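The next block holds one structure in the form of C-alpha cells; read it before the comments.
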Amino acid sequence: MGALTDLAGLLRCPVPHHAGEAALAPDGDGRTLGCPDGHRFDLARQGHVNLLSRPAGANADTAEMVAARERFLAGGHYAPLTRALGDVLADLPEDALLLESGAGTAHHLRGVLGAGPRRGLALDVSVAAVRRAARADPRIGAVVADSWEPWPVRTGCLDAVLAVFAPRNPAETARVLRPGGVLVVATPEPGHLRELRESSSLLGIEEGKVERLREQLGAGFDEEEVDVVDHLLHLDPTQARDLVLMGPNGHHLSPVELAGLWPEGASTRVSVRVARYRVRPPTRSRG
Ligand SMILES: C[S@@+](CC[C@H](N)C(=O)[O-])C[C@H]1O[C@@H](n2cnc3c(N)ncnc32)[C@H](O)[C@@H]1O
Ligand SMILES: [Zn+2]
C-alpha cells in the first residue's frame, strides 16, 4: 500500500454536486480510490492520483522544468529555505498533517516532515511534478489538482498548508485547515536572483507582492511571523541554467537561448520571504 492509500481519508471526491463531502477510500484491490457514489480514480503506477477533471493547462510546469528543479534542489542550494520553512512549522504537533499547494517535486514538503510521524499531501497541476512528488517520501501522497479550483481535500483536517513560489488559494486553505491551523507562504523578495535577471532578459518580480499577499489573506488570517532567507549562491553554468529553467522563465525560454547563458557560471543572491499566517476563527453573526 502506498502513501496515498494511507492518506486517502484526507481526500474528497472532486466530482461536483455531491450532497456534502464524499470521502475517497481505496478500493479492495488498492488500484483505485472511490467515493460512495461510484466515482473511481485510478492510482497511477508511480503512486499518485489525478483528480483533475481536464488536461492540465499552460500553468503546469513541463517535464523539463521539473527535471531542472529536481537537479537544482538536490544540490542543496535552497536548503536554508527548507530550514526556514521547518522553523516556522516547529510548533506543529508531532503527527501533523500538511499540504503543499503547487508542491513541484515535494522537496520542501519532504524537508518539513522531518524525521517524525508527520505526513503530507503534495498538490500540483503538473503531472510531471506529481510523478516526482509521489517518489519523494513514503509519507507523502501526491495528487494532480488545480489550486485555483476547489481542492479535493476534506474540510478541517489539516494542520498546515504551504505555498512556496506557488499559487495560494486563501478560501480553500481556510476550509481545509483545522481551527488554529497555519498557512506558510514563501515569496521572492525584490532582490531575489537579481544578478541572473539583470544579466539576461528574464522576467522580473512583480512590485507590491507583499501588499497583495496581505490583502489576499487579511480577511481570514493573522500574520504571525516573518523571516527573510538571504544568502549568496555561486553556480556553475548548468546550475545557473537549471535555476532559471525551473522557475517562471522556464515557460518562455527556448533550449537554444538557455544554452548560451552564463558560460562562466554566475553568482546570485537568494532572497525569499517566509511568513506564517494563522487562520482566524469564523466570526459568529449575532442574532
Ligand atoms: C515555481 S514552482 C514551485 C514548486 C515547489 N513549491 C518548490 O518550491 O520546489 C510552481 C509550481 O506550481 C505549479 N502550479 C502552477 N499553477 C498551479 C495551479 N493552478 N495549481 C496547482 N499547481 C500549480 C507548477 O506546476 C509548479 O510545480
Ligand atoms: Zn463522487
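The values are calculated or read from the model by the stated rules, or taken from the named source; none is laboratory data. Predicted, not measured: the structure shown is a model, and the values here were computed from it. With ideal geometry, Cβ positions are generated from the backbone for all residues, glycine too; neighbour counts draw on all protein chains shown. Protein only, heavy atoms only, side chains kept; ligands, DNA and RNA dropped before computing areas. Shrake-Rupley method; radii C 1.70, N 1.55, O 1.52, S 1.80 Å.
Scanning the range 205-247 for residues that are aliphatic (A, V, I, L, M) and within 23 Å of Ala174 (Cβ to Cβ) yields Val210, Leu213, Leu217, Ala219, Val226. Looking at Ala219, Ala174, just one residue is modelled with pLDDT of 95 or more and either under 30 Å from Thr155 (Cα atoms) or basic (Lys, Arg) (or both), and that residue is Ala174. I'd like the residue in the range 40-59 that is without any contact (Cβ under 8 Å) to a residue 60 or more places away in the chain and part of a loop (DSSP other than H, G, I, E, B) and, out of all such residues, is least open to solvent (accessible area, probe 1.4 Å). Among residues in the range 40-59 that are without any contact (Cβ under 8 Å) to a residue 60 or more places away in the chain and part of a loop (DSSP other than H, G, I, E, B), the one least open to solvent (accessible area, probe 1.4 Å) is Arg54. Scanning the range 145-157 for residues that are surrounded by fewer than 23 Cβ atoms within 10 Å (Cβ to Cβ) and more than 16 Å from ligand 2 (Cβ to nearest atom) yields Ser147, Trp148, Gly156, Cys157. Within the range 176-194, the residues that satisfy the criterion of being part of a strand (DSSP E or B), touching a residue at least 60 places away in the same chain (Cβ under 8 Å) and within 20 Å of the chain's Cα centre (by Cα) are Leu177, Gly181, Val182, Leu183, Val184, Val185, Ala186, Thr187, Pro188. Residue selection: Arg284 fails the criterion of being closer than 30 Å to Thr173 by Cα, modelled with pLDDT of 95 or more and either open to solvent by 10 Å² or more (accessible area, probe 1.4 Å) or acidic (Asp, Glu) (or both). Would it be correct to say that Glu207 is out of contact with any strand residue (DSSP E or B) (no Cβ under 9 Å at 6 or more places or on another chain), part of a loop (DSSP other than H, G, I, E, B), at negative phi and of a type outside the set (A, V, I, L, M, F, W, C)? Taking the combined requirement at face value, the residue satisfies it.
A single member of Arg12, Arg45 is touching an Asp or Glu at 6+ places or on another chain (Cβ under 6 Å) and away from ligand 1 (no atom under 16 Å from the Cβ), and it is Arg12. Residues in the range 222-257 that are within 24 Å of the chain's Cα centre (by Cα) and among the charged types (D, E, K, R): Asp222, Glu223, Glu224, Glu225, Asp227, Asp230, Arg241, Asp242. Out of the residues in the range 18-39 meeting the condition of being out of contact with any His (no Cβ under 8 Å at 6 or more places or on another chain) and within 9 Å of ligand 2 (Cβ to nearest atom), tell me which one is most open to solvent (accessible area, probe 1.4 Å). Among those that are out of contact with any His (no Cβ under 8 Å at 6 or more places or on another chain) and within 9 Å of ligand 2 (Cβ to nearest atom), it is Pro36.
Scan the range 262-277 and give yes if some residue there is among the hydrophobic types (A, V, I, L, M, F, W, C) and in a loop (DSSP other than H, G, I, E, B), otherwise no. Yes, the range 262-277 contains a residue that is among the hydrophobic types (A, V, I, L, M, F, W, C) and in a loop (DSSP other than H, G, I, E, B).
Within the range 195-241, the residues that satisfy the criterion of being farther than 13 Å from Ala275 by Cβ, loosely packed, with under 14 Cβ neighbours inside 10 Å and touching a residue at least 24 places away in the same chain (Cβ under 8 Å) are Ser199, Leu203, Ala219, His231, Leu232, His234, Asp236.
Selection within the range 116-142: residues that are more than 10 Å from ligand 1 (Cβ to nearest atom) and among the hydrophobic types (A, V, I, L, M, F, W, C). The member of this set that is surrounded by the most Cβ atoms within 10 Å (Cβ to Cβ) is Ala142. The residues of the range 242-253 that are in a helix (DSSP H, G or I), closer than 17 Å to Ala266 by Cβ and either open to solvent by 80 Å² or more (accessible area, probe 1.4 Å) or not polar (S, T, N, Q) (or both), listed by number, are Asp242, Leu243, Val244, Leu245, Gly250.
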